[in-house]
Every structure is written in structure tokens, then in C-alpha cells.
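One structure below.
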Amino acid sequence: MAFALLSGMATRTRTKRQQRTRPAIVALLAAALLGGPAAGSLQAGDTPAHQDATSIRAAAQRFLEAQTRAIHDGRVEIRIGRLDSRLRLPRCGQPLQTSLPNGARLQGSTSVNVRCPGPSTWSIYVTGKIAVFSKVLVAARPLMRGEVIAPEMLQLAERDLARASYGYFVDPKRVAGLRLSRPVNAGTVITPTMLKARKLIKRGERVTLLAEQGGIQVRMNGEAISDGARGERIRVRASSSKRIIEGRVLAPGVVKVTL
């Protein structure tokens, strides 16, 4: 009696299992007979329903590389940020379009607008980071405040220009003769804020005042009332008239004035 009960239970279990699996078997057979894919599968050559995130990042990468190399000669490194794995954009039926948003830079942190022109239009911003390397002047040794720059104090070294936000120099002639306003460690990029222009004229010094009017050049003697570097405006006193006028320092001992 017990054997007959167990046998009946086993028979009912197999029947229920067959009922559950029959629809799946029918679906597989129908797919094989009709030549179509089984439900939920994607065969080779089928078009995906969503835009591949890799293609979006690749479009942003190509755009930044082209834009950056058009204005920079140095070595360039570009890193594109990752997209949200939950992103589901319709597959674009046309080539992706790229542009630089207003205010975006081609150095340091930036972003690229990647858009699909159709038939299903969408737009997304992709972040990126651009490192542009170039050889700039750095201190060849520790430099003291007040030292006058000479070419042998400097050397060229490759640096990321995005980190040289205070400016830099590439020609030693541009800084030769300028005085340091603060101490500088070896290897530090030389920036305009570190330098003071060499004073070409000192207060109380006898100077030549140069004036031009109507194509005629006039020179006269004068006295500097203040110190001045090249290009700076200083006050001077004309020796003959004792008149105080303002002029621009042209060279050591020479001030151009307007009469």
C-alpha cells in the first residue's frame, strides 16, 4: 500500500514538471523550425537596441585628440571618464556628433557634448582630463630671493601645462637679468609672479628725457623722482624748467616723455 502511494506521488510530480517545461520546449522547436532566434537571445549580426557606451567614449576621445593637437605641439595625454552603467540610450542611426561646451578648456578637466542627430535624438556630456606636456624653464638649483637670473641658473624640463596656471617661460632670454622676488626650489617652474624687473633707473639719478613731436626728436636733461624698470611709468623733473612730468622707462638712464 505504501509503495503504491509513493508511486502515485512520483507520477504526479513528473506530470507537473512536464507541464512546466512543455512551453519552453515548444518555443525552442518553433524557433528551430522558423529559423528565428530563441526568446531573449541575440544572434551575430543583429542590431543592438542601445548605443554602446564604448562608442560614445571613443567619439569623445577622438574629438579631444584632434582639438588639442591642433593648438599644442607637445606630448598630449587624454583620459575619458566612465559612463553610468545604467545608461540606456537608443542606438544612433547616424555618426555621432561632438562639440566643446561653452567654457570648456582644452587643458585639465573638461567635457565633451556627444549627440545623436537621429532618428532618435539624444545628447550627453562626457567628462575628460587633458594633460599637455611641454618643455618649460625650471630652476636648475635652489635659488635665493634677490638673485638676478642668469641662463646657467635655469634648465628646460617637461611639465604638464595645466599645472602651470601662473604662467611659464621657454626662452631664457626673457628672464635673464630679472630679480627673484622669493626663494625657488630646484625643479620649480619659473613663473612671472616670481620675478621683478631689474630697475634701470634709480631715484635721484640723472637721466635723459626723450620727447618726440611732429617728427622732431628732442633730448634734455632731467632727474628721476622714483625708481623704474623697463616699460614702467615714472615721474621725472626737467633740469631746465624744474617742471615735473611723467614718462616711460626705455633703457638705462633714458625716459620717454610727452610734452
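The values are calculated or read from the model by the stated rules, or taken from the named source; none is laboratory data. All figures in this text were calculated on a predicted structure; none of them were measured in a lab. Methodologically, a virtual Cβ is constructed for each residue, glycine included, from the backbone with ideal geometry; neighbour enumeration extends over all protein chains shown. Just so you know, the surface numbers come from the protein's heavy atoms only, side chains and all, with ligands and any DNA or RNA stripped out. Shrake-Rupley method; radii C 1.70, N 1.55, O 1.52, S 1.80 Å.
Filter the range 198-216 for residues that are under 49 Å from the mean Cα position of the chain (by Cα) and modelled with pLDDT of 85 or more and give the result. Talk me through it step by step, then tell me what you get.
As a first pass, look at the range 198-216 and keep what is under 49 Å from the mean Cα position of the chain (by Cα): 198-205, 207-213, 215.
Across the range 198-216, the qualifying residues are Leu200, Ile201, Lys202, Arg203, Gly204, Glu205, Val207, Thr208, Leu209, Leu210, Ala211.
Within the range 127-155, which residues are closer than 12 Å to Gly187 by Cβ, in a strand (DSSP E or B) and open to solvent by 30 Å² or more (accessible area, probe 1.4 Å)? Passing the criteria: only Gln155. Restricting attention to the range 112-126, the residues being in a strand (DSSP E or B) and of a type in the set (Gly, Ala, Ser) number 1.
For the range 184-215, the set of residues classified as assigned to a loop (DSSP other than H, G, I, E, B), over 13 Å from Gly253 (Cβ atoms) and in contact (Cβ under 8 Å) with a residue 40 or more places away in the chain consists of Asn185, Ala186, Gly187, Thr188, Ile190, Arg198, listed by residue number. A count restricted to the range 48-84 and to residues that are touching a residue at least 24 places away in the same chain (Cβ under 8 Å), of a type in the set (S, T, N, Q) and either more than 28 Å from Val136 (Cβ to Cβ) or open to solvent by less than 40 Å² (accessible area, probe 1.4 Å) (or both) stands at 3.
Only residues that are within 30 Å of Arg62 (Cβ to Cβ) and either open to solvent by 80 Å² or more (accessible area, probe 1.4 Å) or not in a strand (DSSP E or B) (or both) were counted in the range 156-183, giving 9. Of the residues making up the range 99-126, those that are on the phi > 0 side of the Ramachandran plot and surrounded by fewer than 15 Cβ atoms within 10 Å (Cβ to Cβ) are Gly103, Gly118. Applying the set (1) modelled with pLDDT under 90; (2) surrounded by 12 or more Cβ atoms within 10 Å (Cβ to Cβ); (3) more than 42 Å from the chain's Cα centre (by Cα) to Lys242 leaves exactly one unmet item: (2).
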